[in-house]
Amino acid sequence: MSQSNYQKEYKKSYNSKNKIVTFPLSTAFYDELKRRAIFLDLKTNSYAKSIVTSFLNNNTPQTLSIEQKEFISEYIRISRGIANNINQIAHKTNMTEQIDINILINALRQYEEEFKKFIAKT
């Protein structure tokens, strides 16, 4: 199948499964929609689609603010550091290498301090 035919078939399949909805919205409502989308770091149309599909599925919209995304990213970064440290310890133990307990305790204290600072932000 040539590239052109592939694209035509793909577009035909896509259009049979998806429909584009357009409707007028007052400037005040559009501005509010846009403001909320920006707050959530989304495009206005993506946010509107999320609202409509969530409503039709009887769900609340699954959107996170920029602050919430940053909070989750920071939590993941700290957690990965701890997990990486534990994996290194387990690897060394399995290789019957000697582990310096002072290094381990200092690393765990450092992660504990990072978590305390992180939690204090919330």
Residues of the chain: accessible area per residue at 1.4 Å, in Å²? 88
Suppose only helical runs count, i.e. DSSP H with n ≥ 4. What mean residue ellipticity at 222 nm does that imply for the chain under -39500 (n - 2.57) per run, divided by all residues and rounded to the nearest 500 deg cm²/dmol? -25500 deg cm²/dmol
Per-residue counts of other Cβ atoms within 10 Å, averaged by peptide: what ranking do you get for 112-120, 46-54, highest first? 46-54, 112-120
Output the pairs from K19/K49; K17/K43; K11/K34; K69/K117 with a Cα-Cα distance over 20 Å in this structure; if there are none, say none. K17/K43; K11/K34
Between E9 and K49, what's the calculated FRET efficiency when r is the beta-carbon distance and R0 is 30 Å? Round to 0.05. 0.75
Quote the charge dipole size of segment 4-48 about the Cα centre in Debye, to the nearest 20; the model charges only the Cβ of Lys and Arg (+1) and of Asp and Glu (-1). 240
As an exercise, use a Förster radius of 35 Å and the Cβ-Cβ distance of A107 and Q68 to find the FRET efficiency, rounded to the nearest 0.05. 0.80
D (Stokes-Einstein, µm²/s), Kirkwood Cα radius, the chain, 0.692 mPa s at 37 °C: 166
Helix 3-17 sits off the longest principal axis of the Cα atoms of the chain, rounded to the nearest 10 on a 0 to 90 degree scale, by 80
Calculate, in nm to one decimal, what H91 and F29 gain on full extension: separation in residues at 0.36 nm each, minus their alpha carbon distance. 16.6 nm
Taking the dipole of the chain about the Cα centre (Lys, Arg +1; Asp, Glu -1; charges at Cβ), the one of I66, I82, A28 that reaches farthest to the positive side is A28
With θ set to phi - 60° and the Karplus curve 6.51 cos²θ - 1.76 cosθ + 1.60, what are the ³J(HN,Hα) couplings of segment 83-95 in order, to the nearest whole Hz, using x for Gly and Pro? 4, 4, 4, 5, 4, 5, 4, 4, 4, 5, 5, 5, 8
Mind listing the phi-derived Karplus ³J(HN,Hα) values for segment 27-43, rounded to whole Hz, using 6.51, -1.76 and 1.60 with θ = phi - 60°, and x for any glycine or proline? 4, 4, 5, 4, 4, 5, 4, 5, 4, 5, 5, 4, 4, 8, 6, 10, 6
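The values are calculated or read from the model by the stated rules, or taken from the named source; none is laboratory data. Since the structure is predicted, the reported quantities are computational estimates derived from the model, not experimental observations. Every residue, glycine as well, gets a Cβ built from its backbone with ideal geometry; the counts of neighbours run over all protein chains shown. What goes into the accessible areas is simple: the full protein's heavy atoms, side chains included, and nothing from ligands, DNA or RNA. Shrake-Rupley method; radii C 1.70, N 1.55, O 1.52, S 1.80 Å.
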